[in-house]
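For reference, the structure is listed below as structure tokens.
What follows is calculated from the coordinates using simple rules that are stated; it is not laboratory data. Small disclaimer: the values here were computed from a predicted structure and weren't measured. No Cβ is skipped: glycine too gets one built from the backbone with ideal geometry, and neighbour counts run over all protein chains shown.
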Amino acid sequence: MSREFSKIKESLASWGEIRQLLRGGEQGQLVPVVIPKDRRGFAWMTLVFLALYFAGMAALTGFRLVGTFGALLFVLLALLTIWRKAIIEIEEGTTGVRSRWGAITGTLPPGRHYLWLPWDRVDAVVDTSTEIPYSAPIVACPTAENVPLKSIEFFLKFRIVDPVAFVRTIGAGNFDLVLSSAVQDAIRQRSRRVNTERAYDLRGSDVGDMQDALNRQLGRYGVRITGANIPDVQLPDQYQQHLATREKVAKELSAYEREWELTRKRRIDTLLMEIERSKKTRDARVVEVKAAHNTARKDVARMLEEQETEAQRVTWEIEARGRAELTAAENEAKALRRLAESYRDNRAVLQYELARRRLDVGAKLAENAPQPLVVRTQQGQSDSALSTLLLAQLLPRISGSGQLNGHTPSA
């Protein structure tokens, strides 16, 4: 584990060394800001003076052609030198801070730029795209029980988002001091909230609150923390021995727990096997019960069918017997009706025979009847004594003959 803080500095270098310094640093130190050397000199003034000299030669002497050619040549060389020295190339991922007469006027994005005026300069080239790693091992951090930890290593990444604010307000060298003090303060506050026996929990723990606090402190410098973590924590030697003993006991306890877990699993497996066996037995009995139930249902259904068949047969027999008796009764009624009709017909015949016999008897009686004796008297006179005597003598005879013939004479 690294025992030193990462160092941040700014360097003065030529334009050709800027890339190497920004990407690789200098002597193990981080270089996010490079101050480029101004390569524009006054050599072009010499060329201008030479051009004026040759122009004067062409005007005042007889070497007009040579002087004119020399003046034009040196003017072109002066212009070429001014053009070449005015080119400024800002690499991709970096930003140039432009100033005029020492005052910062803006930034230059990546690409080629031209600074024609000698008082326009690039004060600094700032790396604004790279996330710069920063390691900070904090020594003797006290815990909640005031036990000083051997060390806590804190690692973070930051990026310069506002190069003008960074260069104008703090600079790389001062930012190193501010960042180291802010990180130490944050780590010590975190360790104060942790018990010693849980100090190892700091490794890989969530440090989002620390990152937010650092962003609030360093945001005014144009810097943003993009990530942070605690990769390692070291406890004091005596406490490590104490933890080693606790780890040994914990390992033995873990071994006993594993053994007990194996025994428990074995017992659980045995019980599960017994349960499965009981389930299979129960399922077999359930199948038998279902089969018996189905058989009983079949028997009951067959019995019900037999009873229904017997009831249907009895019903049919009763209906057949009833129909037979009804038919017999109907036949008997028809016979009686016919007999009654026969009786009625016979009665009419008998009455006819009786009436005919009566007529025959009447006719015979009429043939054998005595002749009536009519005693006529005078009209208007009452019966005489002679007529009365005659009637008294005749009536017994008439009644006697009538009784012998079986008929009563009608008067």
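For residue 170, neighbours were defined as the other residues whose beta-carbon sits under 10 Å from its Cβ, and their charges (Lys and Arg +1, Asp and Glu -1) total +1. Under 17 Å of direct C-alpha separation, and excluding same-chain neighbours fewer than eight residues apart, residue 298 reaches these aspartates and glutamates: 288, 306, 308.
Annotation: lysines with alpha-carbon distance below 26 angstrom to residue 7 (same-chain offsets under eight excluded): 37, 150, 157.
Extension gain, residue 300 to residue 165, is 38.5 nm, computed as 0.36 nm per intervening residue step minus the present C-alpha separation.
Go ahead and run the numbers for FRET between residue 131 and residue 247, Cβ-Cβ distance against an R0 of 41 Å, rounding to 0.05. Approximately 0.65, to the nearest 0.05.
Using 0.36 nm per residue and subtracting the Cα-Cα separation, the extra length available between residue 146 and residue 275 on full extension is 40.8 nm.
The Cα-based radius of gyration and maximum Cα-Cα distance (Dmax) for region 132-238 are 14.6, 50 Å.
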